[in-house]
Amino acid sequence: MPEQARSYASAARRAVQAGFDGVELHGANGYLISQFLSSNANLRTDRYGGGVGNRIRFALEAVEATVDAVGGRRTGIRLSPGAGFWGPRTPRCPSSTPRC
């Protein structure tokens, strides 16, 4: 996954070199980052799946790599909290439940 996260940084670097003021990573509407964030789409059993702390890992890696490449003032991320794109929202459940 770190290689995929770095691809966001490479694209951002090219965009800024081409004259764009900044970039926005798309983490909503079923795009890759939103798939990792979704408890319904992300059924991984490695360090990128399971609880929220693991599901957010890819988004954080992509943002960190992009900030390192073009700076924090040129980096944004679009999220859609609670979007039902992949089915029902993750219910509120006790912290002992691993999928929450």
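No value in this document is a laboratory result; all are computed from the given coordinates. Quick caveat, the model's predicted, so the values are computed rather than measured. When we count neighbours, we look across all protein chains shown, and the Cβ atoms used for this are built from the backbone with ideal geometry, even at glycine.
Summary table
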{"quantity": "Residue ID - nearest to Asp46 (Cα to Cα), chosen from residues in the stretch 64-81 that are free of Cβ contacts under 8 Å to residues at least 40 places away in the same chain and part of a helix (DSSP H, G or I)", "calculated": "Val67"}
{"quantity": "Whichever residue in the stretch 21-77 is acidic (Asp, Glu) and under 17 Å from Pro2 (Cβ atoms) and, among such residues, is surrounded by the fewest Cβ atoms within 10 Å (Cβ to Cβ)", "calculated": "Asp46"}
